[in-house]
Amino acid sequence: MKNVLLLSMILLSFSCAEIDNYDMPSETFGGRFMIKGSGALLCEAGFSLKMEELSWSENPTPFYIPMKPDGTFLNTKMFAGHYRVQPHGDVPFWPIEPIEIDIKGKTYHDFEVVPYMNFKDVTYKVEGNTLRISFKMYPSIKEGLPKILQIQPFVSLANRDSDIAKFSQDLKQDLNIETWTDDMAEEVHEFVIPNMPDNIYFVRIGIRVEKGTNTWNICVVNQTEGEKGFIKVG
């Protein structure tokens, strides 16, 4: 009797099960975040893209595509459909409006953004085992500019962020600039990092502004094509 009852329950469970005939997601959505007017990629875009599929609902549950450190994004497991897309998190640029886009097959879109702060005249020099970095900075828009809190180098081995504190955390400089004046754009800022072991380093510099959780505008120091971001010391 027990065996008959067990068999009946198994058959009932099979009869109630629905077969999922949906295809696995296979569409691609990718693109870049570009600095408006320069054509350069937004470096170290530490935020995500909020994705909302509007094909079936006006208030869908969102999902998120993380940004890559080089300012690009890519998801190759999307369902085809009509989406609302917007940056999510502490972005290092002035806010932009969400867009709506149809995703089918391979779909790509570039966003043009205006950073809070920009770098210019970025140079570096290796003297034995000492690295010297200098640069100037300026805002894209002065009116409404968030308070400029700090500047800092970000130096790591083989692009490993875990090395940042070891090589550059103590070189953070507090600025606390509440009102920007034009003469500040000509001020040269410098970092000197001594006693670096012989190696190849991934070197960036950052400007931190008082927005959200105090986001960073970041730039790689070595802009040479083919070795972008990397500097050999020793």
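Computed quantities for the displayed model
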| quantity | calculated |
| --- | --- |
| Considering residues of segment 72-93 that are polar (S, T, N, Q) and within 28 Å of P115 (Cβ to Cβ) only, the residue modelled with the lowest pLDDT | T72 |
| Exclusive hit being modelled with pLDDT of 90 or more, under 19 Å from W216 (Cα atoms), β-branched (V, I, T) and surrounded by fewer than 16 Cβ atoms within 10 Å (Cβ to Cβ), set V114, V126, V122 | V114 |
| Exclusive hit being touching a helix residue (DSSP H, G or I) at 6+ places or on another chain (Cβ under 9 Å), of a type in the set (V, I, T) and within 15 Å of V221 (Cβ to Cβ), set I177, I193 | I193 |
| Strands (runs of 3 or more DSSP E) (entirely within segment 173-234) containing at least 2 residues that are under 18 Å from L42 (Cβ atoms), touching a residue at least 24 places away in the same chain (Cβ under 8 Å) and not hydroxyl-bearing (S, T, Y) | 199-209, 216-220 |
| In segment 65-119, the residues that are assigned to a loop (DSSP other than H, G, I, E, B), closer than 14 Å to M51 by Cβ and among the small types (G, A, S) | A80, G89 |
| Residue that is surrounded by 17 or more Cβ atoms within 10 Å (Cβ to Cβ), of a type outside the set (D, E, K, R) and closer than 17 Å to D121 by Cβ, where the choices are V203, V155 | V203 |
| Residue in segment 79-94 that is free of Cβ contacts under 8 Å to residues at least 60 places away in the same chain, surrounded by 14 or more Cβ atoms within 10 Å (Cβ to Cβ), polar (S, T, N, Q) and in contact with an Asp or Glu (Cβ under 7 Å, 6 or more places away or on another chain) present | no |
| Any hit, segment 163-174, residues being surrounded by 12 or more Cβ atoms within 10 Å (Cβ to Cβ), among the small types (G, A, S) and on the phi > 0 side of the Ramachandran plot | no |
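The values are calculated or read from the model by the stated rules, or taken from the named source; none is laboratory data. Nothing here was measured: the structure is a model prediction, and the numbers come from that model. Glycine gets a Cβ as well: all are built from the backbone with ideal geometry, and neighbour counts include every protein chain shown.
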